[in-house]
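All remarks here apply to the structure that follows.
The values are calculated or read from the model by the stated rules, or taken from the named source; none is laboratory data. Remember, predicted model here, so these are calculated numbers, not experimental data. Cβ: placed from backbone, ideal geometry, glycine included. Neighbour counts: every protein chain shown.
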Amino acid sequence: MNGHFVVSLDYEIHWGVFDKKSVNDYKENLENVSKVIDRLLDMSSKYDVKLTFCTVGLLFAKDKNDLLHHLPQNKPTYSLEKLNPYQLLDSIGHDETDDSFHYANSKIKEIRDNGNHEIGTHTFSHFNCHAPGQTPEQFDEDLKASINIAKALGITIKSIVFPKNQINPDDAADKPYLQACKKYGITSFRGKEKSFIYNIHSTKTYRNLWIFRALKPLDAYVNLTGTNTYDARAFADSGMLYNIPSSRFLRPFNRKLKYFEPLKLKRIKKAMTYAAKNNQVYHLWWHPHNFGKYTEENFNTLETVFKTYKALHETYGFQSETMTGLTDKVKSAL
Ligand SMILES: [Zn+2]
């Protein structure tokens, strides 16, 4: 099997950040998401790159009635009330034309009709699987709602990105969440990088030390954890879902760190090249709202990444695949 380039996007708009930021706090990023999606579609066509949009189910609703119609019965009972997205329902608009922060029905149809990309799920309500108070039964209902609202648009959901990457396939407590995914026909998820710096939330002793919190951003510029590339078949056989772990979060342009941008890009290009030469997978991800500010700078970076992909495709047969496309290839190669 040749090397593969996978790009997944956590498509969520305000539903992904409402517990930390109001629409006004993050307006510039959020209001440009739909333009960002258009440019992503254009640029990926130009360089033949397939994207996987793991999308929050609430965004699929065509209007408020449709949204209310699809709500799960058994909603998450988080101990922390600020994690509950349903408290926003009274304040959101009627549909995408008067509230593009909470609806994206027409954009989702555009992605669907493009035909080159995949639409997966980011759960119905941006469900926090590791938050105290919620239960696997509530996750099951949430997931069912996301499958159903997608089905109404003729979309079959087969891949998932867990919000805040809250899944640990090695932890018995997380098995029911993966089982629910399997039950509804989902075949792959995006796991985390292996290095401990990406798993600090589970080692509480270190969590609050700034030095450990600084390691993840630092790793984007300086090589701390290696390429994070892997043989796709190494993750093939959990009996549950295929894990297609992240290789890197594409950090948005940061003006304060602008002189270090070339290092960030160099690190990505080097790891992609390693994956292409060694028949491995390189999985890059981010959120469309990350590109809502400094849009030009972010798309310049992305264009270099896509050009790198194209060159590696021509030289080494590096292939672009969606999460499900790669899963299907691995299945048939085994
Ligand atoms: Zn998210």
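Yes/no matrix, rows are residues, columns are (1) farther than 30 Å from residue 314 by Cα; (2) in contact (Cβ under 8 Å) with a residue 12 or more places away in the chain; (3) buried (at least 16 other Cβ atoms within 10 Å of the Cβ); (4) not hydrophobic (A, V, I, L, M, F, W, C):
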{"position": "17", "(1), (2), (3), (4)": "yes, yes, yes, no"}
{"position": "20", "(1), (2), (3), (4)": "yes, no, no, yes"}
{"position": "30", "(1), (2), (3), (4)": "yes, yes, yes, no"}
{"position": "36", "(1), (2), (3), (4)": "no, yes, yes, no"}
{"position": "56", "(1), (2), (3), (4)": "yes, yes, yes, no"}
{"position": "60", "(1), (2), (3), (4)": "yes, yes, yes, no"}
Selected residue [of a type outside the set (Ser, Thr, Tyr) and out of contact with any strand residue (DSSP E or B) (no Cβ under 9 Å at 6 or more places or on another chain)] from 35, 107: 35
Residues satisfying the stated conditions in the range 65-121, i.e. over 24 Å from residue 36 (Cβ atoms) and of a type in the set (A, V, I, L, M): 68, 71, 80, 83, 89
Scanning the range 67-100 residue by residue, those over 22 Å from residue 136 (Cα atoms) and touching a residue at least 60 places away in the same chain (Cβ under 8 Å) turn out to be 88, 100
Considering only helices (runs of 4 or more DSSP H) fully contained in the range 133-211, which possess at least 2 residues that are crowded, with 18+ Cβ neighbours inside 10 Å, more than 16 Å from the ligand (Cβ to nearest atom) and at pLDDT 95 or above? 136-151, 175-183
